[in-house]
Amino acid sequence: YLLRKMAVTQDGSFSIQDLEEHVTADLANNLGNLLNRTLSLAAKNDLFIVKPSVQMSFKAEELRQRFIAMYHQFFDEINKSYFHMALATLWRFISEVNGYFHEHQPWALAKQDRRAFEEVLSVVCHALESIALMLWPVMPGKMITLLKNLSVEFTLGQDYDHLLRKADWDKIFVLVPATEQLFVKPEPRLIEEKGLPVMQEIKQETTPMITID
């Protein structure tokens with residue numbers, strides 16, 4: 001949250017509510033839900049070994065090219081220590097992957113066009129792997145869990161920058177069903193006031209400040 005929201009070049013603001021909203025929106029709804037839907041849809045249609053297409057369709061190749069452009073921008077922002085800008089760039093791509101998923105409706109393709117269905121899941125799996133490798137320095141534990149769902153072993157010292165820049169997207173994935181959700185939405189803190197639920201305010205004790213003297 002701090003890397004995602006706070007610029008190192010200026011002051012930032014923080015609230016528990018904003019933290020919870022970003023955990024829900026960025027992690028649970030956006031990234032975690034993409035993984036969950038991919039794994040559940042694959043399991044429902046007996047697709048546990050996901051192979052790449054012999055020749056990518058135009059939309060699949062377009063998403064791969066957008067990833068390559070995004071990664072270069074991400075890398076440049078990281079090198080400038082603009083972590084919030086880098087992560088904002090990455091999350092725009094995560095939204096694009098979700099858009100690709102929705103646009104192609106793989107739940108319908110599973111019954112109509114098996115080849116197209118498998119291509120969509122292959123593209124999403126490659127995107128998820130790339131996203132996890134980029135987010136590993138920020139959330140190592142969670143990203144290793146994500147990679148395990150794709151049967152990808154994370155190895156310290158490997159040149160992942162080289163792999164991400166190439167973005168061949170020609171890997172075979174063996175999917176492992178998730179035993180639990182990758183990210184859990186925070187429970188809203190509610191109190192009853194005049195019969196209506198309202199968000200509970202977090203009251204913090206103020207500490208007396210020392211004087212300039």
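The set of residues from the range 141-169 being of a type outside the set (S, T, N, Q) and exposed (fewer than 13 other Cβ atoms within 10 Å of the Cβ) comprises 141, 153, 156, 157, 159, 161, 162, 165, 166, 168.
Which pairs do you get when a residue that is within 14 Å of residue 148 (Cβ to Cβ) and open to solvent by 10 Å² or more (accessible area, probe 1.4 Å), found in the range 125-137, comes within reach of a residue that is modelled with pLDDT of 95 or more and of a type in the set (Ser, Thr, Tyr), reach meaning Cβ atoms under 8 angstrom, with the pair 6+ apart or on two chains? Taking only residues 6 or more apart or on different chains, the pairs are 133/160. Say whether the condition of being surrounded by fewer than 23 Cβ atoms within 10 Å (Cβ to Cβ), out of contact with any Leu (no Cβ under 7 Å at 6 or more places or on another chain) and under 12 Å from residue 45 (Cβ atoms) is met by at least one residue in the range 114-124. There is at least one residue in the range 114-124 that is surrounded by fewer than 23 Cβ atoms within 10 Å (Cβ to Cβ), out of contact with any Leu (no Cβ under 7 Å at 6 or more places or on another chain) and under 12 Å from residue 45 (Cβ atoms). Count of the range 7-46 residues, restricted to those that are under 22 Å from the mean Cα position of the chain (by Cα) and within 17 Å of residue 173 (Cα to Cα), is 10.
Looking at the range 130-153, can you tell me whether even one residue there is more than 29 Å from residue 16 (Cα to Cα) and modelled with pLDDT under 95? No, the range 130-153 has no match at all.
Would you kindly identify the helices (runs of 4 or more DSSP H) lying entirely within the range 1-96 that contain at least 2 residues that are under 14 Å from residue 134 (Cα atoms) and either open to solvent by 40 Å² or more (accessible area, probe 1.4 Å) or in contact with a helix residue (DSSP H, G or I) (Cβ under 6 Å, 6 or more places away or on another chain) (or both)?
Values: elements: 2-5, 16-22, 33-44, 58-79.
Helices (runs of 4 or more DSSP H) meeting the threshold: 2-5, 58-79.
Restricting attention to the range 8-62 and to residues that are modelled with pLDDT of 95 or more and in contact with a Ser or Thr (Cβ under 6 Å, 6 or more places away or on another chain), the residue that is nearest to residue 111 (Cα to Cα) turns out to be 50.
Residue 184 - would you say it is modelled with pLDDT of 95 or more and surrounded by fewer than 15 Cβ atoms within 10 Å (Cβ to Cβ)? Answer is no for this residue. Scanning the range 145-167 for residues that are within 23 Å of residue 47 (Cβ to Cβ) and free of Cβ contacts under 8 Å to residues at least 40 places away in the same chain turns up 145, 147, 148, 150, 151, 152, 153.
The values are calculated or read from the model by the stated rules, or taken from the named source; none is laboratory data. Owing to the predicted nature of the structure, the values given are computational and were not obtained by experimental measurement. Reconstructed Cβ throughout: ideal geometry from the backbone, glycine too, with neighbour counts over all protein chains shown. Quick note on the areas: whole protein, heavy atoms, side chains included, nothing else; ligands and nucleic acids left out. Shrake-Rupley method; radii C 1.70, N 1.55, O 1.52, S 1.80 Å.
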